[in-house]
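Q: Quick one: structure below, then a few questions.
The values are calculated or read from the model by the stated rules, or taken from the named source; none is laboratory data. Quick caveat, the model's predicted, so the values are computed rather than measured. As a convention, Cβ positions derive from the backbone with ideal geometry for all residues, glycine included, and neighbour counts pool all protein chains shown.
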Amino acid sequence: MAGDQSSVHEREHAETEFNRIVAFTDGVFSIAITLLVLTLEIPKGGDLERLLADRGNEFFAYFLSFAVLARLWLAHHRFYGSVARFDSRLITLNLFYLAFVALLPFTTEMLGNYGSQELAVALYAANLTIVSVAFIVQITYVYRAQLVRDDAVEFRARFAGPANWVIAIVFACSIPIAFVSSTAATLMWLSMFFVGRALGDLAARKRAPR
């Protein structure tokens, strides 16, 4: 499914515009990561050791979201490095993706403050499910609209493989589980770092020349 070629811009001929798209995306990620730390608050007065211990859930939510955002940013950075052409539809899809990236500090704060409540866990998982699916939609569109570099086969193997579905599947499956056990849902999130790495290594071995 090739896009309307009249609205497609070659990256090498519109480098400034393309760089603005990437810079804006990097800015949203930077702000989202910075806002995460603002969810950590220690009241004045009282025993500091006890206050820190009481905010264990908030620190967990912070580090989890930081790790997820870092992973998403790396994937987005590598993905756009393989994009040779772009159009308005890709920009719109990227903006939709960034809208939910920017929402993550809010759902992270809910998770940190209300981590024992099923709704907070489910909303956090839903947020990251949408982010992950929105990224997969971008990958699929870029490939089908022929906006990638000449190494399209390598692009599909690298970005459209099962490893890229791990985050979306894990977070989506954890939504109903959160209403049964918020702890079980949280453990599912942690597992994705190991499963994703294993699938990524497997895909790399399959791409390696024999």
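Q: Within the stretch 56-88, which residues are among the aliphatic types (A, V, I, L, M) and not in a helix (DSSP H, G or I)?
A: Selection gives Val83, Ala84.
Q: Using the structure shown, decide if Val83 is surrounded by 18 or more Cβ atoms within 10 Å (Cβ to Cβ) and over 17 Å from the mean Cα position of the chain (by Cα).
A: Spelling it out, Val83 is indeed surrounded by 18 or more Cβ atoms within 10 Å (Cβ to Cβ) and over 17 Å from the mean Cα position of the chain (by Cα).
Q: For the stretch 121-128, state whether one or more residues are farther than 24 Å from Thr183 by Cβ, at pLDDT below 95 and surrounded by 19 or more Cβ atoms within 10 Å (Cβ to Cβ). I'd like the intermediate steps shown before the answer.
A: Of the stretch 121-128, the ones farther than 24 Å from Thr183 by Cβ are none.
No, because not a single residue in the stretch 121-128 is farther than 24 Å from Thr183 by Cβ, at pLDDT below 95 and surrounded by 19 or more Cβ atoms within 10 Å (Cβ to Cβ).
Q: Out of the residues in the stretch 104-117 that are crowded, with 18+ Cβ neighbours inside 10 Å and touching a helix residue (DSSP H, G or I) at 6+ places or on another chain (Cβ under 7 Å), state the one that is nearest to Ala53 (Cα to Cα).
A: Checked the stretch 104-117; the qualifying residue nearest to Ala53 (Cα to Cα) is Gly112.
Q: Could you list all residues from the stretch 58-108 that are touching a residue at least 40 places away in the same chain (Cβ under 8 Å) and among the polar types (S, T, N, Q)?
A: Hits for the stretch 58-108 are Ser65, Ser82, Ser88, Asn94, Thr108.
Q: Which count do you get for residues in the stretch 1-33 that are modelled with pLDDT of 75 or more and surrounded by 11 or more Cβ atoms within 10 Å (Cβ to Cβ)? Give the derivation first.
A: Residues of the stretch 1-33 that are modelled with pLDDT of 75 or more, as a first pass: 7-10, 14-33.
Remaining after also requiring surrounded by 11 or more Cβ atoms within 10 Å (Cβ to Cβ): 8-10, 14-15, 17-22, 24-33.
Qualifying residue count, the stretch 1-33: 21.
Q: Could you list, in sequence order, all residues of the stretch 144-185 that are modelled with pLDDT of 85 or more, of a type in the set (Phe, Trp, Tyr) and either assigned to a helix (DSSP H, G or I) or at positive phi (or both)?
A: Once the filter is applied, which keeps residues that are modelled with pLDDT of 85 or more, of a type in the set (Phe, Trp, Tyr) and either assigned to a helix (DSSP H, G or I) or at positive phi (or both), the stretch 144-185 yields only Phe171.
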